[in-house]
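Please see the structure below; I have some questions.
The values are calculated or read from the model by the stated rules, or taken from the named source; none is laboratory data. None of these values were measured; they are calculated from a predicted model. Cβ placement follows ideal geometry from the backbone for every residue including glycine, while neighbour counts extend to all protein chains displayed.
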Ligand code: TXA
Ligand code: MG
């Protein structure tokens, strides 16, 4: 077993030294914590899959600190892509480009002719990449299938003993992973919704893009992020509760003989919850709810073990699109229905 060190932002140079040696270091971003390894070191990249227990055909994001790092692997960055980079980087937008053949190992690309590139907003992490001198692969730093980590403690819980260290820069601010936009196809296609909104990209480029809701079957190589794999799943069964159904949901909860987890906005939860309900506060709006979603799911896995979680649904617009995308996966698409009362 490795000893997993926790580094303060001021100790980032030590963490960079570990990366140069081919070790794995988890890093903070504005979305979720990432699991970093030198993207040019195939052995190190392979260990990322092992540490996460991730299927090896699911490609990794290449995390960069400069545009030059992308240009090493990509010949043609279109005018639109350059505009997007100028406007949204550093930030929660991942762009997929066709790469120079053979410039990245199969371990990174999963054998695709494209790769995903992202420049995170977190300054410490960009320093880490600068110091390491190489781009880092950066999948979310959770065990594969579990909710993504939004604190260093979440990473520690999943990966202690499997990675050399974690750079701890506090809880992440966005809470859901980056928007993934495929620029290798026409029109550009969103493969995963995130905090940079599709509508925003469309308006900014003044052209139509595609919002891909296509589901990938088990036989295909996942074109879209993790689509064929189980995702964000806590041990409990999650039921999504639409705003108008809370009353019925509490009625149902009251009738259960076991504890029920409840994740909702402060304003949506009654001051007197049924006695067997354990609340996890999602804050005041869709922004705080997105920030806290994964932490809430983990709370009911690791601290208050329950078999059922009632979790607030939001309209699928704005950031609600990204939030619902993650919540639906964690719930296996199950909504609370009034019929449960019958
Ligand atoms: O916010 C984020 O993007 C976080 C932070 C840590 O940067 N990272 C992240 O990585 O969410 P990961 O590996 O958990 O999700 C990236 C997704 C994968 O599900 C993968 O299928 C998809 O991106 N992906 C990577 N390369 C791709 C490619 N060339 N074409 C299509 N999808 C790709
Ligand atoms: Mg992930």
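Residues in region 291-305: is at least one over 21 Å from residue 143 (Cα atoms) and buried (at least 19 other Cβ atoms within 10 Å of the Cβ)?
No, region 291-305 contains no residue that is over 21 Å from residue 143 (Cα atoms) and buried (at least 19 other Cβ atoms within 10 Å of the Cβ).
Just need a number here: residues in region 138-158 that are within 13 Å of ligand 2 (Cβ to nearest atom) and more than 14 Å from the chain's Cα centre (by Cα).
Total satisfying the criteria: 1.
Among the residues of region 163-176, write down those that are within 16 Å of ligand 2 (Cβ to nearest atom) and farther than 12 Å from residue 27 by Cα.
174, 175, 176
Restricting attention to region 56-64, does a residue exist that is away from ligand 2 (no atom under 16 Å from the Cβ) and assigned by TED's automatic domain parsing to the domain that holds residue 175?
Yes, region 56-64 has at least one match.
Can we say residue 97 is within 18 Å of the chain's Cα centre (by Cα) and under 18 Å from residue 119 (Cα atoms)?
The answer is no for residue 97.
Name the single residue that is farthest from ligand 1 (Cβ to nearest atom) among those in region 154-182 being farther than 16 Å from residue 37 by Cα and assigned to a strand (DSSP E or B).
Filtering first and then ranking leaves 181.
A further question on this structure: On the given criteria, is residue 24 within 12 Å of ligand 1 (Cβ to nearest atom) and touching a residue at least 24 places away in the same chain (Cβ under 8 Å)? Talk me through it step by step, then tell me what you get.
Working: within 12 Å of ligand 1 (Cβ to nearest atom): no; touching a residue at least 24 places away in the same chain (Cβ under 8 Å): yes.
So residue 24 does not fit the description; no.
In region 217-234, is there at least one residue being modelled with pLDDT under 95 and farther than 30 Å from residue 144 by Cα?
no
What are the residues in region 79-125 that are assigned to a helix (DSSP H, G or I) and within 16 Å of ligand 2 (Cβ to nearest atom), if any?
108, the sole residue that qualifies.
Please verify whether region 252-261 includes one or more residues that are at pLDDT 95 or above and within 25 Å of residue 171 (Cβ to Cβ).
yes
Which residue is modelled with the lowest pLDDT, if the candidates are limited to region 36-78 and must be assigned to a loop (DSSP other than H, G, I, E, B), more than 17 Å from the chain's Cα centre (by Cα) and closer than 23 Å to residue 156 by Cα?
56
Does any residue of region 184-191 turn out to be within 16 Å of ligand 2 (Cβ to nearest atom), closer than 24 Å to residue 78 by Cβ and at pLDDT 95 or above?
Yes, region 184-191 contains a residue that is within 16 Å of ligand 2 (Cβ to nearest atom), closer than 24 Å to residue 78 by Cβ and at pLDDT 95 or above.
Output the residue which, of all residues in region 106-135 that are touching a helix residue (DSSP H, G or I) at 6+ places or on another chain (Cβ under 7 Å) and under 20 Å from residue 55 (Cβ atoms), is surrounded by the fewest Cβ atoms within 10 Å (Cβ to Cβ).
Applying the filter and picking the extreme gives 107.
Looking only at region 317-332, count how many residues are outside any helix (DSSP H, G or I) and within 18 Å of the chain's Cα centre (by Cα).
So the first thing to find is which residues in region 317-332 are outside any helix (DSSP H, G or I), and the list is 317-319, 331-332.
Subset that is within 18 Å of the chain's Cα centre (by Cα): 318-319, 331-332.
Here the count works out to 4.
Still on this structure: Does region 248-301 hold any residues that are touching a residue at least 60 places away in the same chain (Cβ under 8 Å) and either part of a strand (DSSP E or B) or within 22 Å of residue 146 (Cβ to Cβ) (or both), and which are they?
290, 291, 292, 293, 294, 295, 297, 298, 300, 301
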